[in-house]
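The values are calculated or read from the model by the stated rules, or taken from the named source; none is laboratory data. What you see is a predicted model; the values in this text were computed from it and never measured. We place every Cβ from the backbone using ideal geometry, glycine too, and count neighbours over all the protein chains shown. To get the accessible areas, we keep the full protein, side chains included, count just its heavy atoms, and leave off ligands, DNA and RNA. Shrake-Rupley method; radii C 1.70, N 1.55, O 1.52, S 1.80 Å.
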Amino acid sequence: MAAAARSPAQRFGTYEEYLESQVTAQDLFYLESEAVARQLVELGFRGSGDVLRREDFEAWVEEAAGVSGPPSQKSLASAGKELKDNFLRALAEREEANRTGRISSIIFIRDRNSHRQEVSAYIDYAHRLTTDDFEVYFSGKKRLFPRNTDLSFYNWDRNVSTSNSSPNYQVIAENACGLLFKNKSDRKIINVDPKAYPGDSTTRTPIETDLYLHVVIYDHVLRRGA
């Protein structure tokens, strides 16, 4: 009963997740595409009852954000920490914006694992903030490190790669332009090719750090209602 009383914006992180909640197994069987199924729900051809328009859902999001307010300084994992490396300072600068949804950052890390194998990953920072205890990272007790559950993971020595969509990004791996990430909120594309334009509302920032072999942060500014 309590869940039913909550607004769609409180129950679903993005409008796409809201649409997906109304897609049935039968829809997927006949359509064979989640994207097409979501489109049909949005257009009102599928789903149960009246479907919220995107702008109405975004209005719920704005209202919920106004009620809850931004995280307090005390609730930030980086608050009060002595940050001795550029990478940790860069994460701290972006923490609140990623927690509140104003920015959606993708972190590229390349380094060696405990077996001395070279590994790299593109990490959904906002998503990791919800699953990891970042106080241990900011305090220097542990390092934020690539995982095979991140958006894209590659073990260079074993030639093993994985890709996983997150609540914020859809991975587009098989593309002539190379690896792309589609933001689920505003549907804009982030191109991580260092020689290419990163995309609308996206900036690419290489980070000089002593903690890893290579770090780049892609900051995607979210424009509600765009």
Inset, instruction - Would you mention how many residues in region 210-226 are touching a residue at least 60 places away in the same chain (Cβ under 8 Å), of a type outside the set (D, E, K, R) and loosely packed, with under 14 Cβ neighbours inside 10 Å? - result: 3
Legend entry - Subset tally (residues that are in a loop (DSSP other than H, G, I, E, B) and open to solvent by 70 Å² or more (accessible area, probe 1.4 Å)) for region 183-209: 6
Inset, instruction - Kindly state which helices (runs of 4 or more DSSP H) lie completely within region 75-182 and contain at least 2 residues that are open to solvent by 40 Å² or more (accessible area, probe 1.4 Å). - result: 86-100, 125-131
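This table checks each residue for (1) without any contact (Cβ under 8 Å) to a residue 24 or more places away in the chain; (2) over 15 Å from the mean Cα position of the chain (by Cα).
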site	(1), (2)
ILE107	no, no
ARG116	yes, yes
SER120	no, yes
PRO146	no, no
ASP150	no, no
TYR154	no, yes
ASP157	no, yes
